[in-house]
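Below: one structure, written as structure tokens.
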């Protein structure tokens, strides 16, 4: 199995994500420069957190036109492998139209860095296959534009196709529509979530809940 | 080629909750502008552009606004052109 | 009382570094608008206002823009009024 | 306008102007005056503070680099080293809080970067006026948003710091930023230019008219000038800052890199000469080579510009293309703007002509020390304390009913004081978990704890300082600033190993301010010697006063500690029922300078410090007296705590500070 973590100018969590895949899950993982367009032999591509292109204008608005994202569209169309967008990565995937909806500024108008509780809404997906439906997990969030928004017809489709993977539990930190924290696309190969699994993969830093999410993606590829 | 000053005004869609707009409205009222309503806070993108005609310029800018300057899921935009 | 749509446009002072404006300009050029220059990204504050006259409305808004809507140290503003 | 008047407009005194003419053997031209004004500013030359700072201990077995470089460096374990420093951006933040604070964070990050280290943590110490004052609230809002904007975007976690709300800081907020970096000993770089013919490369952002006179501005009183004098505010671009980190760390891995330095206050007028001074060489710069952002900039504006996110490299002749490629790959500007020359001068060329040439030794370290004599106030003790009491106050004992039974009410009042209450509403705006090394983050303990991936050891960091103590008794306040840091570090189980500091004071031209400056340093030096802690870097910020107010003498201490085995870390919270609770150290019951007095014994607002009363400064009657710290006890306390940690006998620990035992 080969994984790639995309590095945009302004990505901050590329090394953190690379550390989990390579050092904790022992997967061959490369850092993929945003100018690359040859994605053929990657089974998993992660768009990490950060401020790609400084998040100027809108988070992910400029990164979406990077060569690697253009190549990603084709990669997804051909079903070559799994794509996971974390925080800034999720914003970029929605801007690129690879995931429905959009991420608007937090309702509280301030950047928020805290640990939140999430409820697993659908446990039959590569990202959540090691969780149980309804399970509560803890993950840190760190974003200023994390309010998930989508028109009613998109929300209806997300529900009917069970594309909603995580919802915030107990509090809705950023005012997201129906507390949505993470979704997948219709094909079940493109995933996006605002919370940071890579920041809670070791007991040293917290409950370790994040590891089984990334492990799920790996096991899906190896299965 | 003519030169134009282009202003693209991007604001949150009406049906979208605009916390910044609400906060500004509250402050405006506190500062005495009591008859204010429907406050929205958006973005102004201003630039100079050379083009053969106003019509051509407007077309190109509108296409880019739709694709890049505004996110159609949450924002709407308007394009204003002024020949120098 | 008359009703007006007020638009206050706030932008960074010209001599000040505008990282956001530079980033947007680079992107516009990559998207094919090669003849773009002097891109600035600022804020649009839009609201409805009831006032006795346009002149009175403009005065009140200008006073508030100077004190609150724009930061005179780093920004300049313009007020636009349209009677409904 | 005569040259002398022009010199004074540049913040140079007549005496300094005379010295310049003597050093040059002629009158300086305007560009040379600009060079002198920045290099001899208080901010860059430390001319009024140098002789006092010499008293701070700066040596120790772990010290690889003491003061005099971009940051201090201490050895840790397995070839790892820690790099850290504090920087202040008080004056720019008073003018424009958001960008002032943001550029402060950007600058301190680049100081760490220029030692070749990856920045791994940020801390900030903030001081504002009372929260009831709208101006203070606006400053707070802008400063916190600016720090969050820059720190979050650049991907360095903000893990600690402190904030106080006191009337003394109403007109002069304090924004001190500390950055900590890690590197392998073999990667250590220094800010030096050497080797005749080696190239000088300017990298990062383009040069504009930002913050011209920024450095000298910091040396002027902020008296009503903020409005008319609209200095061109420096705007930080964290996105470019992030690219600069990645590109520079890549450049630091190239053997041909001789040295590098951040363009801080003073920009191109101070960084190249400082690098040349360290290398014992000269430097020639060509103005045309400098990439500009604004049109029609004069050489004067280009050299004095303080545009952010720029650095200067000295690289071996012939290898310059390699470095230009690295920075351009990251989308950054990079141009060869000059080279090292044998003649020890800073030579500026423009259109083939030399338009300025000044001896390096004149610019760097040539500033004459102003003849300022510290003068203690009327008697050996500081000004009257704001609180008038009858005899020394035992907490609660004397105050009748208020003491007994009133404890809970007082606790709530103390917790409601913004200085003591939770700061979550601030640090939740800072990304404190990026880089996934934050084991103990903000709000969780007295110090933050960072793991180092692949290693057993961990790094404890803390930052803080109580200005009110120094207002009452500068010497004791200086001692406590160091001891508070030690308590915080040892509370998480780590051994304190080094100090950085930012000394925030009012005008040094006022003898009493200089006296408190000298006394604070004496106290800090005494405590550091007793606890064997070296000062490895630091900063001085003077002129923090307005017409009506003068800040408290405020030393902010940044401290780093080493925890050899991360499994021995000590949390703060009580762990298990039945565990025994111990109070270690002496309980004097004195409440001098305490939050208890400020919150529960309200009094007239703090008079202007060192205010004359009836001709002589009167010492308060005991209520404000600070219990002198027993440094011998502190030494033994430190040793005992470390022994308890090694034997794993501690379930948790917490330092008793603001709010005393009641709040702890």
* Qualifying residue in segment C:7-15 (condition: more than 8 Å from chain B (Cβ to nearest Cβ), farther than 16 Å from residue B:9 by Cα, out of contact with any strand residue (DSSP E or B) (no Cβ under 7 Å at 6 or more places or on another chain) and assigned to a loop (DSSP other than H, G, I, E, B)) -> yes
* Asked: Would a scan of segment A:145-153 turn up a residue that is under 24 Å from residue D:151 (Cα atoms), within 14 Å of chain D (Cβ to nearest Cβ), in contact (Cβ under 8 Å) with a residue 60 or more places away in the chain and within 16 Å of the chain's Cα centre (by Cα)?
  -> yes
* Report yes if some residue within segment C:28-42 is in a helix (DSSP H, G or I), modelled with pLDDT of 95 or more, at the interface with chain B (Cβ under 8 Å from one of its Cβ atoms) and more than 22 Å from residue D:308 (Cα to Cα); otherwise report no. => yes
* Asked: Looking only at residues in segment A:202-211 that are more than 10 Å from chain D (Cβ to nearest Cβ) and free of Cβ contacts under 8 Å to residues at least 12 places away in the same chain, which one is surrounded by the fewest Cβ atoms within 10 Å (Cβ to Cβ)?
  -> A:203
* Asked: Among the candidates D:315, D:284, which residue alone is within 20 Å of residue D:69 (Cα to Cα) and either touching a residue at least 40 places away in the same chain (Cβ under 8 Å) or buried (at least 24 other Cβ atoms within 10 Å of the Cβ) (or both)?
  -> D:315
* Asked: Within segment A:55-87, which residues are without any contact (Cβ under 8 Å) to a residue 12 or more places away in the chain, touching a helix residue (DSSP H, G or I) at 6+ places or on another chain (Cβ under 7 Å) and on the phi < 0 side of the Ramachandran plot?
  -> A:56, A:62, A:65
* Asked: Of D:460, D:494, D:481, D:444, which residue is in contact (Cβ under 8 Å) with a residue 60 or more places away in the chain, within 14 Å of chain A (Cβ to nearest Cβ) and either touching a strand residue (DSSP E or B) at 6+ places or on another chain (Cβ under 9 Å) or farther than 25 Å from residue D:51 by Cβ (or both)?
  -> D:444
* Counting residues that are under 18 Å from the mean Cα position of the chain (by Cα), at pLDDT 95 or above and crowded, with 24+ Cβ neighbours inside 10 Å, which helices (runs of 4 or more DSSP H) fully inside segment D:449-539 reach at least 1? -> D:474-491, D:511-530
* Structure fact -> Taking segment A:154-201 and keeping only residues that are within 14 Å of chain D (Cβ to nearest Cβ), assigned to a loop (DSSP other than H, G, I, E, B) and crowded, with 18+ Cβ neighbours inside 10 Å, one is left with A:173, A:174, A:194, A:195, A:196, A:200, A:201
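Listed here are the residues, each with its yes/no results for (1) surrounded by fewer than 21 Cβ atoms within 10 Å (Cβ to Cβ); (2) modelled with pLDDT under 90; (3) closer than 15 Å to residue B:33 by Cα.
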{"position": "C:1", "(1), (2), (3)": "yes, yes, yes"}
{"position": "C:46", "(1), (2), (3)": "yes, no, yes"}
{"position": "C:56", "(1), (2), (3)": "yes, no, yes"}
{"position": "C:72", "(1), (2), (3)": "yes, yes, no"}
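Specify which of the listed residues (A:67, A:100) is under 16 Å from the mean Cα position of the chain (by Cα) and surrounded by fewer than 24 Cβ atoms within 10 Å (Cβ to Cβ).
The conditions single out A:100.
Yes/no matrix, rows are residues, columns are (1) touching a helix residue (DSSP H, G or I) at 6+ places or on another chain (Cβ under 9 Å); (2) in contact (Cβ under 8 Å) with a residue 40 or more places away in the chain:
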position	(1), (2)
A:157	no, yes
A:160	no, no
A:171	yes, yes
A:183	yes, yes
A:188	no, yes
A:197	yes, yes
A:216	no, yes
* Tell me which of these residue D:520 doesn't satisfy, since it passes every other one: (1) free of Cβ contacts under 8 Å to residues at least 60 places away in the same chain; (2) more than 27 Å from residue D:108 (Cα to Cα). => (2)
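Listed here are the residues, each with its yes/no results for (1) over 30 Å from residue C:57 (Cα atoms); (2) over 13 Å from the mean Cα position of the chain (by Cα).
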site: B:39; (1), (2): no, yes
site: B:43; (1), (2): no, no
site: B:46; (1), (2): no, no
site: B:50; (1), (2): yes, yes
site: B:64; (1), (2): yes, yes
site: B:67; (1), (2): yes, yes
* Structure fact -> If you go through A:62, A:92, A:45, the only one that is crowded, with 23+ Cβ neighbours inside 10 Å and farther than 21 Å from residue A:210 by Cβ is A:62
* To do: For segment A:26-40, name all the residues that are at pLDDT 90 or above and more than 17 Å from residue A:13 (Cα to Cα).
  => A:26, A:27, A:28, A:35, A:36, A:37, A:38, A:39
* Structure fact -> Scanning segment D:593-607 residue by residue, those assigned to a loop (DSSP other than H, G, I, E, B) and at pLDDT 75 or above turn out to be D:593, D:594
* Structure fact -> Scanning segment D:209-233 residue by residue, those within 13 Å of chain C (Cβ to nearest Cβ), more than 25 Å from residue D:276 (Cβ to Cβ) and either touching a strand residue (DSSP E or B) at 6+ places or on another chain (Cβ under 7 Å) or modelled with pLDDT of 50 or more (or both) turn out to be D:209, D:232, D:233
* Structure fact -> Here the residues within segment C:44-61 that are within 8 Å of chain B (Cβ to nearest Cβ), outside any strand (DSSP E or B) and in contact (Cβ under 8 Å) with a residue 24 or more places away in the chain are C:61
* **Of the criteria (1) touching a helix residue (DSSP H, G or I) at 6+ places or on another chain (Cβ under 7 Å); (2) crowded, with 19+ Cβ neighbours inside 10 Å; (3) more than 10 Å from chain C (Cβ to nearest Cβ), which one residue B:81 fails** => (2)
* To do: Would you be able to tell me the number of residues in segment A:111-153 that are touching a helix residue (DSSP H, G or I) at 6+ places or on another chain (Cβ under 7 Å) and part of a loop (DSSP other than H, G, I, E, B)?
  => 9
* Could you list, in sequence order, the residues of segment C:64-73 that are out of contact with any helix residue (DSSP H, G or I) (no Cβ under 7 Å at 6 or more places or on another chain) and either touching a residue at least 40 places away in the same chain (Cβ under 8 Å) or within 9 Å of another protein chain (Cβ to nearest Cβ) (or both)? -> C:65, C:67, C:69, C:70, C:71
* **Residue pairs meeting the criteria (Cβ under 6 Å; at least 6 apart or on separate chains; first within 14 Å of chain D (Cβ to nearest Cβ), in segment A:106-133; second modelled with pLDDT of 95 or more and surrounded by fewer than 17 Cβ atoms within 10 Å (Cβ to Cβ))** => A:115/A:138
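The values are calculated or read from the model by the stated rules, or taken from the named source; none is laboratory data. Quantities reported herein were computed from a predicted structural model and do not represent experimental measurements. Because the Cβ atoms are built from the backbone with ideal geometry, glycine has one as well, and the counts that use them run over all protein chains shown.
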